[in-house]
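S.K.: One structure, as structure tokens, below. Some questions next.
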Amino acid sequence: MEKTSATAIPPTLATPARAETPIAFIKAICRAYTLRGMSYKRALEVAQIEPHLLKNTNARVTALQMELLSGIAMQELDDEALGWFDRRLPWGSYGMLVRASLSAPTLGLALKRWCRHHRLLTDHIALQLTTHQGLATLQLQEARDLGEFQEFCVVSTLRNALGVACWLADSRIAIHATTLTFDAPAHASSYPVLFEGATQFNAEHNSLQFDAGYLDLPVRRDEAALQRMLQRALVLTVKPYRRDRLLIEKVRQALSQHPEHCRNAADLAAWLHMSERTLHRQLKEEGASLQALKDSVRRDLSMDLLLRTQKPIKQVAQDSGFLNEKSFIRAFKTWTGLTPEAFRQSSGK
């Protein structure tokens, strides 16, 4: 990571924002300063966090304040782990992990590398990626007692790993569930903001669970993109992605394999466990539309039936999801410039 000025205050800091980050995480950073015999007063001032908030267990700060304070602390303490481990992780440690994953062809391989290389930084925790029945699990094991830093370390590391994964694939990754081994904290109401989906405390393992299909997404970043990202790498842990590159494949699969759930947008959205509005919005963010995907699936299916079978055109139209043969012929000519019969004849069928 390239060092930035610890005293610079982004202009956006003055912009009103929702305060959702628990003060417990701010107190943990301050505790790291104290253990090193250093003062955290200036860091709080730069991040515009009032010291009296440290005494209020219900207090919250904004994501931007958290990002700024963390960045300052990491540089002043020269520890990207912010006191979690016996040995400091010098500035640039996590950037090194990301760089080692850039050449991976898929997100799954990149994440496995990230987890494996994390062991080079510390033996206090270990991360492992597994898959089972279509579900991926990123598990964090505590090899040593993390003491008062347990929650801050576990939450930050899991969010960092998730942020890196989203960045590498340039995609939002929807979390099915989060499990944590510690008791529900006083600020448990903040966890729906920290992790989407259900959160279980007092669990057997610390983990994030998500659709294993994300692991097949290609790594879309290179060294130039990494250099740009490292200017504000902490954003990965505080700003969720909106784009979901797996969504298009899920929609295609539903349209082709489960047409009974795709009679309209509302039915499809329900099948995908999202609102109709979210479905349309996320497809738009991907530069796609439900109608265009329907046309694509119907086109591919009809062409396959015309090439592989001798079914009558009327039957192909019906099997491809058209109400009648006439509308099918009209659509097919728009796609290919040929009638279905002419297309079949040109292929030798």
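The values are calculated or read from the model by the stated rules, or taken from the named source; none is laboratory data. Keep in mind it's a predicted model, so treat the numbers as computed, not measured. For neighbour counting, all protein chains shown are included, and Cβ atoms are generated from backbone atoms with ideal geometry for every residue, glycine included.
S.K.: Given the condition farther than 20 Å from residue 150 by Cα and either assigned by TED's automatic domain parsing to the domain that holds residue 171 or in contact (Cβ under 8 Å) with a residue 24 or more places away in the chain (or both), answer yes or no: does some residue in the range 28-37 qualify?
M.R.: Among the residues of the range 28-37, at least one is farther than 20 Å from residue 150 by Cα and either assigned by TED's automatic domain parsing to the domain that holds residue 171 or in contact (Cβ under 8 Å) with a residue 24 or more places away in the chain (or both), which makes the answer yes.
S.K.: From the list 209, 227, which one is in the same structural domain as residue 62 (by TED's automatic domain parsing) and touching a Leu at 6+ places or on another chain (Cβ under 7 Å)?
M.R.: None of the other options fit; the residue is 209.
S.K.: Could you pull out the residue among 110, 136, 126 that is of a type in the set (Gly, Ala, Ser), outside any strand (DSSP E or B) and in contact with a Leu (Cβ under 9 Å, 6 or more places away or on another chain)?
M.R.: Only one candidate passes the filter, namely 110.
S.K.: Now for a separate question. For the range 196-207, give me the residue count where each residue is over 17 Å from residue 273 (Cβ atoms) and either in contact with a helix residue (DSSP H, G or I) (Cβ under 9 Å, 6 or more places away or on another chain) or part of a loop (DSSP other than H, G, I, E, B) (or both).
M.R.: Counting residues in the range 196-207 that are over 17 Å from residue 273 (Cβ atoms) and either in contact with a helix residue (DSSP H, G or I) (Cβ under 9 Å, 6 or more places away or on another chain) or part of a loop (DSSP other than H, G, I, E, B) (or both) gives 8.
S.K.: Within the range 45-62, which residues are part of a helix (DSSP H, G or I) and in contact with a Leu (Cβ under 7 Å, 6 or more places away or on another chain)?
M.R.: 46, 51
S.K.: Quick check on residue 85: is it assigned to a loop (DSSP other than H, G, I, E, B) and aromatic (Phe, Trp, Tyr)?
M.R.: Spelling it out, residue 85 is indeed assigned to a loop (DSSP other than H, G, I, E, B) and aromatic (Phe, Trp, Tyr).
S.K.: Of 60, 116, 88, which residue is free of Cβ contacts under 8 Å to residues at least 12 places away in the same chain, under 26 Å from residue 174 (Cα atoms) and surrounded by 15 or more Cβ atoms within 10 Å (Cβ to Cβ)?
M.R.: Sole residue among the options that is free of Cβ contacts under 8 Å to residues at least 12 places away in the same chain, under 26 Å from residue 174 (Cα atoms) and surrounded by 15 or more Cβ atoms within 10 Å (Cβ to Cβ): 116.
S.K.: Determine which member of the set 174, 165, 110, 169 is buried (at least 20 other Cβ atoms within 10 Å of the Cβ) and within 18 Å of residue 197 (Cβ to Cβ).
M.R.: From the options 174, 165, 110, 169, the qualifying one is 165.
S.K.: Quick check on my filter: what residues within the range 267-289 are within 20 Å of residue 196 (Cα to Cα) and touching a His at 6+ places or on another chain (Cβ under 7 Å)?
M.R.: Answer for the range 267-289, where residues must be within 20 Å of residue 196 (Cα to Cα) and touching a His at 6+ places or on another chain (Cβ under 7 Å): just 271.
S.K.: On the given criteria, is residue 105 surrounded by fewer than 19 Cβ atoms within 10 Å (Cβ to Cβ) and within 27 Å of the chain's Cα centre (by Cα)?
M.R.: The answer is yes for residue 105.
S.K.: Give me the residue from the range 139-161 that is of a type in the set (S, T, N, Q) and part of a helix (DSSP H, G or I) and, out of that set, nearest to residue 85 (Cα to Cα).
M.R.: So, considering only residues that are of a type in the set (S, T, N, Q) and part of a helix (DSSP H, G or I), the one nearest to residue 85 (Cα to Cα) is 150.
S.K.: Another question, if that's okay. Looking for whichever is touching a Pro at 6+ places or on another chain (Cβ under 7 Å) and surrounded by 16 or more Cβ atoms within 10 Å (Cβ to Cβ) here; the options are 151, 196, 142. Which one fits?
M.R.: 151
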